[in-house]
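Written below as structure tokens is the structure these notes are about.
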Amino acid sequence: MTERFADNQDGTITDARTGLMWQEGYAYVETGNYISWYDANDYIQKLNRQKLAGYADWRLPGRLEIQSLYEIGKPFQSRGKTFTLHIDPIFEFSYGSCFWTRKTRLSAALGFEFDNGDMHWYPQGSISGSVRAVRKTFNPNVLVDPAWIELQEN
């Protein structure tokens, strides 16, 4: 069986299931703080100027894209303790479980929380989340089990 995630050894991880390329690290590790949705967009622009892994088309993930990384029961070790943060350990993770998405409504932006799988609307200016950049296009149908589609057609 093929591994779902591949470490590209350049600061990125490729997801074989979705075809998306993810930033291995994330803003909280670099800044030591949560950031606002506005700052998350500035962070993405910085990655594009620096051409992370040679690419300048990084962006905030969509709701389904970030949810596709949620894994039930994936452990994470830090400071001699084991935590369950529901993301494959191939991804760098330290603290800060809420991640901004590109989804907005009025003055709010949607954040996804890896500690419990919840999504919440936060004011775009609130210092509530972090960001893990993504690139490439995404087809949400790849997340649907083909057997379920067959059941629906019969």
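Bear in mind that the values in this text are calculations on the coordinates, not laboratory data. Worth saying up front: this structure is predicted, and the values here are computed from it rather than measured. For neighbour counting, all protein chains shown are included, and Cβ atoms are generated from backbone atoms with ideal geometry for every residue, glycine included.
When L106, L64, L47 are sorted by how many other C-beta atoms sit within 10 angstrom of their C-beta, beginning with the fewest, the order is L106, L64, L47.
How much length, in nm to one decimal, is gained on full extension between D42 and A56, taken as 0.36 nm per residue of separation minus their Cα-Cα distance?
Details: separation 14, 0.36 × 14 = 5.04 nm, distance 1.35 nm.
Fully extending the segment from D42 to A56 adds 3.7 nm.
Calculate the tail of P(r) for the stretch 16-138: the fraction of all Cα-Cα distances greater than 19 Å, expressed in %. For the stretch 16-138, the fraction of Cα-Cα distances above 19 Å is 45 percent.
Convex hull over the Cα atoms of the stretch 1-49, averaged projected area in nm²?
On the way: hull surface 17.4 nm².
Mean projected area of the Cα convex hull: 4.3 nm².
Note on T14 and M119: with the Förster distance fixed at 25 Å, the Cβ-Cβ geometry gives a FRET efficiency of about 0.50.
Please sort 36-46, 51-61 by packing, taking for each peptide the average over its residues of neighbouring beta carbons within 10 angstrom, highest first. It would help to have the intermediate numbers written out before the result.
Values: 36-46: 18.2, 51-61: 16.5.
Sorting 36-46, 51-61 by mean packing, highest first, produces 36-46, 51-61.
Taking label points 7 Å from Cα along the Cα-to-Cβ direction, E3 and T82 give a separation of 2.0 nm.
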